[in-house]
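All remarks here apply to the structure that follows.
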Amino acid sequence: MAGSRLPRQLFLQGVAAVFLFAFASLYTQIPGLYGTEGILPARRTLRPQGKGPWQQLWETPTLLWEAPRLGLDTAQGLELLTLLGTLLALGALLLRRLRHLLVYLLLWAAYLSACQVGQVFLYFQWDSLLLETGFLAVLVAPLRQPSHHKQPPQGGMAGASPHEGLPFWLVRWLLFRLMFASGVVKLTSRCPTWWGLTALTYHYETQCLPTPAAWVAHHLPVWLHRLSVVATFLIEIAVPPLFFAPARRLRLAAFYSQVLLQVLIIITGNYNFFNLLTLVLTTSLLDDRHLAAEAGNSRRKKTPASWPKALLALPALLLELAVYGLLAYGTVHYFGLEVDWEQRTIHSRTTFTFHQFSQWLKMVTLPTMWLGGASLAWELLAALWRWTQVQGSLRKLWTAVQLSILGTATVAMFLVSLVPYSYMEPSTHGRLWTGAHRLFGAVEHLQLANSYGLFRRMTGLGGRPEVVLEGSYDKQHWTEIEFMYKPGNVSRPPPLVAPHQPRLDWQMWFAALGPHTHSPWFTSLVLCLLQGNEPVIRLIQSDMARYPFHQQPPTYVRAQRYKYWFSQPGEQGQWWRRQWVEEFFPPVSLGDPTLDTLLRQFGLQDKSPRRARSSSNALAQALQWVRKQLSPLEAPTLLWGLILAVGAVRVLQALLGPRPSRASPPPREEKHRPAPKKEPGSATDQAAPAPNSSNSGSQTARRKK
């Protein structure tokens, strides 16, 4: 069994990085989304119901209940929470001592608190995924960091705490649920593009925020798009069971396939921190041996393989070949792959029906749960075996307590996760143990386990729908209101936004898929533009000078629905083509009966008087000062500045930090060496005396102090 100490450290660093991006990105948008002049003011979501504080906190778990005690309103409390989350995540990313259980508990609690008031703008699957991953990081993070000189041997489990690998297994199980469910729902949705293998001929063009590379990918040959869909099904449905394969090379092959998929998505789409978070989850497929942990020790300890390992090598190789052969045969058979040598293409088609797939899914859903349970049972047995190797009665008792607590938590989390995982197959969901349903119901509001299913259906098959806002002073001459990130001006190239998520732009994409009544917040957006609320305008254009109505708010606002297509190669100066479809939102002005009716219908008329934002409070003044300093920066610039700062600090840490020293040989070996050392460049001169002398010197210095 290869160790997982280094993958766990990578996981914890990755989770800290994702929290950093999530908090910083949300912070830049709070005034426009949740401020007193925002689209959906956060103060409306937290209204005491006359319940006790603990019951209130359990039913709506957010730290923002305590904002009034600090003299802050809900939006200001949210700003403070995201700022503290950003700083805490930055510290955990840079300092190993801060990768502590309590730090990750605070990060998780802060993001859960934000999601409780985030409303529709924080209802994305990656927000739920971050909450679930963040809670797993709480279980994975140690109570104390072990000393560098006490690291266990590379590739082995000696010296490791018995419970260390248990919570980390849950990360692998989460990755399996995410990928397998995302592949399955593409077929259970009956989307004709996924079944016809044509989804990617639309995806690059119709996704929310494409990148410039998406334009290139969109114009690739159709046969390559179809083959890419086949590869997607292979990676998302057939490969995930290999996450639990007994052969580590199969797990590593599964790791690289997942990384390939996520990197391609990052290149062609702006999906904020989601793909980075998925890459963080893939660290659960790695081990210390693969990451060359303590490479110097591995070079010195090259010994012939023991006879049990040599005996198992051939069956393991045969298993790997059988798995690869089965994957290749299944792909060719079920997707009808045929090579056309004359046209130099590969033809593909689905050779199975929806009914056959449904029967297959009904047959495999429960066995995949048993597969997960068997893998977890193996981890528990391995942990128990490691516990038997612990020396000392007190230490054995303490590790037994830790193993009992974390083992129980791991099993409970696994049982809880079975409920949302089974949503993709209703008959299996109904047969689940009732205890799992009760356990899930008790903690569902904490979002400890969630159901996933990304890219379920392709939208915009006849052209991507896009809502274009327009303003006017006389109702005759209309000026378009262009957003910073979403498509608008046909000559503007798609931007690079990730890891920032412009949440208003994302919701504009969803709003365009149906009537405006399906997106009540849109009416509030129109009202804010008519009122000229600067925080909302900065969500559309961070530079107020680029907003066409920055001097005076428009008298009238309306919205039109267009259909957009990528331009064809050779069309100079254009990235898009578009065609008007219909009116999306009627022209309205302040006091318009239509606008007032919609606001009243959606409950957006705030009857409670607005409380003046506290300005005398020192904490509120500090928040205002920080906001004033950061407001000139666009959110992607701020996030990339943080990335560069982290990179610079890491370089300095590598240059100025203590260099790892080679482990000194046992003292008994010194008698075999010649006493005089007159060749400073010799190997024997560099092997032991320097570390020994430095150690004795440091001990002498400590005695003097």
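The values are calculated or read from the model by the stated rules, or taken from the named source; none is laboratory data. Note that this is a predicted model, so its numbers are computed, not measured. Here the Cβ is made from the backbone with ideal geometry for all residues, glycine too, and neighbour counts use every protein chain on show. Ligands, DNA and RNA are excluded from the accessible area calculation, which covers all protein heavy atoms including side chains. Shrake-Rupley method; radii C 1.70, N 1.55, O 1.52, S 1.80 Å.
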List, in order, the whole-Hz ³J(HN,Hα) value for each residue of the range 123-133 obtained from phi through the Karplus relation with A = 6.51, B = -1.76, C = 1.60 and θ = phi - 60°; use x for Gly and Pro. 9, 9, 5, 6, 5, 5, 5, 5, 5, 5, 5
Can you tell me the relative contact order of the range 11-141? Whole percent, Cα pairs under 8 Å, sequence separation 6 or more. 33 percent
Nearest 10 degrees is fine. How inclined is helix 689-704 to the longest principal axis of the chain, computing both from alpha carbons? 80 degrees
Ordering 66-73, 552-559, 411-418 by per-residue average of other C-beta atoms within 10 angstrom, highest first, gives 411-418, 552-559, 66-73
For the chain, with every protein chain kept in place, what is the accessible area per residue (1.4 Å probe, Å²)? 49 Å²
Mind jotting down the distance between the C-alpha centroids of the range 353-389 and the range 315-341, whole Å? 23 Å
Based on the Cβ-Cβ distance from Q605 to S427, what FRET efficiency comes out when R0 is 45 Å, to the nearest 0.05? 0.50
In whole percent, and with a 1.4 Å probe on the protein chains, what portion of the accessible area of the chain is carbon and sulfur? 62 percent
Expected vector for the range 418-431, Karplus 3J(HN,Hα) from phi with 6.51, -1.76, 1.60 and θ = phi - 60°, integer Hz, x for Gly and Pro, equals 5, 5, x, 5, 7, 4, 6, 9, x, 5, 5, 4, x, 8
Gain in length, H355 to Q629, computed as 0.36 nm per residue apart minus the alpha-carbon separation, to one decimal in nm? 92.7 nm
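Normalised by the residues of the chain, what does the relative contact order come to in percent, with Cα pairs under 8 Å and at least six apart?
Values: 899 pairs, mean separation 122.3, N = 705.
That works out to 17 percent.
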Can you tell me the relative contact order of the range 373-449? Whole percent, Cα pairs under 8 Å, sequence separation 6 or more. 25 percent
Between T345 and residues 5 or more places away or on another chain, the pairs with built amide H atoms under 5 Å apart involve D340
Quick one: length gained pulling L381 to Y123 fully straight, 0.36 nm per residue minus the C-alpha distance? 89.0 nm
The answer for W576, listing residues at least 5 apart or on another chain whose modeled amide H is closer than 5 Å to its amide H, is S567
Would you mind counting up the charge near Q356? Only other residues with Cβ under 15 Å from its Cβ, with Lys and Arg at +1 and Asp and Glu at -1. +2
Quick one: angle between helix 434-443 and the longest Cα principal axis of the chain, in degrees between 0 and 90, rounded to 10, please. 70 degrees
Label zone at Q574 (point 7 Å along Cα-to-Cβ), backbone N below 13 Å, the range 251-272: none
For the range 234-244, 3J(HN,Hα) per residue [Karplus equation, 6.51 cos²θ - 1.76 cosθ + 1.60, θ = phi - 60°, Hz, x = Gly/Pro]: 4, 6, 8, 10, 7, 7, x, x, 6, 4, 10
Sites A442 and F510, calculated FRET efficiency, Cβ-Cβ separation with R0 35 Å, nearest 0.05: 0.65
V216/Q391 FRET efficiency (R0 56 Å; Cβ-Cβ; nearest 0.05): 0.40
Amide H of R464 versus every other amide H placed in the peptide plane: which residues, excluding those fewer than 5 positions away on the same chain, fall under 5 Å? Y564
